[in-house]
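Right, one structure below, let's go through it.
Bear in mind these aren't lab numbers, they're just calculated from the coordinates by the rules spelled out. This one's a predicted model, so the numbers in the text were calculated from it and none came from an experiment. Glycine gets a Cβ as well: all are built from the backbone with ideal geometry, and neighbour counts include every protein chain shown.
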Amino acid sequence: MSWEHIILVLITGVVCGIINTLAGSGSLISLPILMFIGLPPHVANGTNRIGILFQNIVSTWNFKRQKVLDVKMGWKVAIPSILGSVAGAFIVLELDDRAVEITVGVVLFIMLVPIFLKPRKWLQGSSPEEMSPNLILRFLIFLFIGAYGGFIQAGVGIFLLSALVLNAGYDLVKANALKVFINLIFTPFALAVFIYKGQIDIVAGLVLAAGNSIGAYFASKYAVSWGASFVRYVLVIVILGAGTKLLFFP
């Protein structure tokens, strides 16, 4: 890597670390940048996981230190996410990329509906009486989210946030803490598949990881004090940007 590419990837990592910690879809920025510096698409997809892994280590530590992370719940939903992520990583070469992009873009825009129609759930969470006790449904939701995360990663944070708010009843700040913890747990399993297949550039991955970690540190440090309302605005902006990118600028 040239010094210009190192600086570009490092700055990209910082920006994506912030976006991924507060909302998700930072990989829609990092993946094109990794390909721009010369990595093949599948190598870029695998290398991106190194940055995601270190980013989530930093943000999980910060959220836990601020006592907003429900570790017990995190492990419960991480298990189906792990199973899904391994499956998604193995089938990544078997699906049509454009079809997946269109599907995800449409789903992202659909997610805007409950954000605006049920703002209290996103800002304050839900009482236990309001939540569905259907554990099988919850298992399947996080299994499919994990599978998508194993497939491409971009946008998985938004899906996790939506499931944690609408299905598990957390407000956005606590859901964010759980989101990065779940990502931290299932990312190594998907990363191992890419390493096994030789789809990794370790130097680019470590540079990206350094940037992601810096961005994640500041985003997780201030997310609690900024509150759920701020995170909700960031989430809406990211959904609009990510959905538009996937549908109209492939």
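Tabulated data
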| quantity | calculated |
| --- | --- |
| Estimated inter-spin distance, residue 109 and residue 65, nm [label 7 Å along Cα→Cβ] | 4.1 nm |
| Gain in span if fully extended, residue 249 to residue 202, counting 0.36 nm per residue against the direct Cα distance | 14.1 nm |
| Sites residue 222 and residue 73 - FRET efficiency at Förster radius 22 Å, r taken between beta-carbons, to 0.05 | 0.40 |
| Modelled FRET efficiency - R0 25 Å, residue 36 with residue 236, Cβ distances, 0.05 increments | 0.35 |
| Potential extension, residue 137-residue 2 segment - 0.36 nm per residue separation minus Cα distance | 43.8 nm |
| Filter on 72/221; 76/245; 174/245 - keep pairs with C-alpha separation over 30 Å | 76/245 |
